[in-house]
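Taking it in order: structure first as structure tokens, then the write-up.
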Amino acid sequence: MTIYYVAGTRAIRPVWLCEELQIPYQRQDVSFDPEFRASTEWRKINPVGKVPAMRDGDLVLFESCAMVQVILDRYGNDQLAPKQGTNENALMQQWSWFAESTLARPAGEIVNHQRVFGKDTVAKAIAEMKERVRLCLKAVDDAIVDKEFLLDFGFSAADINLGYSLHLANKYVDYDDLVNAKAYYERLVARPAFQRSII
Ligand SMILES: N[C@@H](CCC(=O)N[C@@H](CS)C(=O)NCC(=O)O)C(=O)O
């Protein structure tokens, strides 16, 4: 299994999971340069020119949370995921979808707007995205009261998917006042497998 990796990006999710599961994978560092991402070579792997991507045999994937699910299905040995069909598994799905489609979306737009338009021209759009991120962080803060991880099951793939989104949000939004969410984020990033996923 090969994970195409750029530091700081959603490539952290599949790499972090492999490190938690202690399964072998090959990390292939690729360029984040827009020209490389627009190249025919890269578009064959990721048709929208983003990162990460993953190859396992003849399977090629270009959505990070799908990579997490496929790694769990193929190599997880029933670890880091509650049994399918249970309420806990439903909550894992919910938090994983929330991580990418609700929280990482406005957080990612902060990055994209700043990169494409420069800091001054998009101040209002960025302020709005920050509000949207804060709303998501408040939802996490409320969900994590008196809990170590999202699910009663314990540490799961949902924490990996959400953990990356918090890592992204943490760079742009101040949420020290959301003490539960902040402490949860700090617990996640202290995990040795997370630390190995960002170097
Ligand atoms: N939903 C996709 C999002 C991929 C994504 O937006 N990747 C960012 C880096 S974390 C990227 O390549 N951004 C470059 C761009 O959008 O131009 C996933 O989870 O893999």
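The values are calculated or read from the model by the stated rules, or taken from the named source; none is laboratory data. Note that this is a predicted model, so its numbers are computed, not measured. Virtual Cβ from ideal backbone geometry, glycine too; neighbours counted across all protein chains shown.
Here are P82, P14: which of them is more than 12 Å from the ligand (Cβ to nearest atom) and either under 27 Å from W95 (Cβ atoms) or in contact with a His (Cβ under 7 Å, 6 or more places away or on another chain) (or both)?
Answer to the selection: P82.
Looking only at region 31-40, decide whether some residue is touching a Phe, Trp or Tyr at 6+ places or on another chain (Cβ under 8 Å), within 16 Å of the ligand (Cβ to nearest atom) and either under 24 Å from A193 (Cβ atoms) or not in a helix (DSSP H, G or I) (or both).
no
Only one of (1) within 16 Å of the ligand (Cβ to nearest atom); (2) loosely packed, with under 14 Cβ neighbours inside 10 Å; (3) of a type in the set (D, E) is not met by E100, so which one is it?
So the condition that E100 fails would be (2).
What do you reckon, is R74 more than 14 Å from the ligand (Cβ to nearest atom), in contact with a strand residue (DSSP E or B) (Cβ under 6 Å, 6 or more places away or on another chain), on the phi < 0 side of the Ramachandran plot and not in a loop (DSSP other than H, G, I, E, B)?
No; evaluated as a whole, the condition is false for this residue.
Could you tell me how many of the residues in region 103-123 are part of a helix (DSSP H, G or I) and more than 16 Å from the ligand (Cβ to nearest atom)?
Final tally of qualifying residues: 1.
For A181, are the conditions met, namely being in contact with a Lys or Arg (Cβ under 9 Å, 6 or more places away or on another chain) and either under 24 Å from L21 (Cα atoms) or outside the structural domain of F62 (by TED's automatic domain parsing) (or both)?
Yes.
Taking helices (runs of 4 or more DSSP H) that fall entirely within region 124-199, which contain at least 1 residues that are among the β-branched types (V, I, T) and within 16 Å of the ligand (Cβ to nearest atom)?
157-172
Taking the options S197, S165, S156, name whichever one is touching a helix residue (DSSP H, G or I) at 6+ places or on another chain (Cβ under 9 Å), outside the structural domain of E100 (by TED's automatic domain parsing) and surrounded by 21 or more Cβ atoms within 10 Å (Cβ to Cβ).
Going through S197, S165, S156 in turn, just one is touching a helix residue (DSSP H, G or I) at 6+ places or on another chain (Cβ under 9 Å), outside the structural domain of E100 (by TED's automatic domain parsing) and surrounded by 21 or more Cβ atoms within 10 Å (Cβ to Cβ): S197.
Examine region 104-113 for a residue that is touching a strand residue (DSSP E or B) at 6+ places or on another chain (Cβ under 9 Å), surrounded by 18 or more Cβ atoms within 10 Å (Cβ to Cβ) and farther than 17 Å from S64 by Cα, and state whether such a residue exists.
Initial filter on region 104-113 (touching a strand residue (DSSP E or B) at 6+ places or on another chain (Cβ under 9 Å)): none.
The answer is no; no qualifying residue exists.
Considering M92, M54, which residue is buried (at least 16 other Cβ atoms within 10 Å of the Cβ), within 13 Å of the ligand (Cβ to nearest atom) and not in a loop (DSSP other than H, G, I, E, B)?
Selected residue: M54, the only one of M92, M54 that is buried (at least 16 other Cβ atoms within 10 Å of the Cβ), within 13 Å of the ligand (Cβ to nearest atom) and not in a loop (DSSP other than H, G, I, E, B).
I'd like the full set of residues that are surrounded by 12 or more Cβ atoms within 10 Å (Cβ to Cβ) and either assigned to a helix (DSSP H, G or I) or in contact with a Pro (Cβ under 6 Å, 6 or more places away or on another chain) (or both), limited to region 80-89.
E88, N89
Output the number of residues of region 1-13 satisfying the condition of being within 16 Å of Q195 (Cβ to Cβ) and surrounded by 19 or more Cβ atoms within 10 Å (Cβ to Cβ).
4
Scanning region 57-70 for residues that are among the small types (G, A, S) and assigned to a helix (DSSP H, G or I), which turns out nearest to the ligand (Cβ to nearest atom)?
S64
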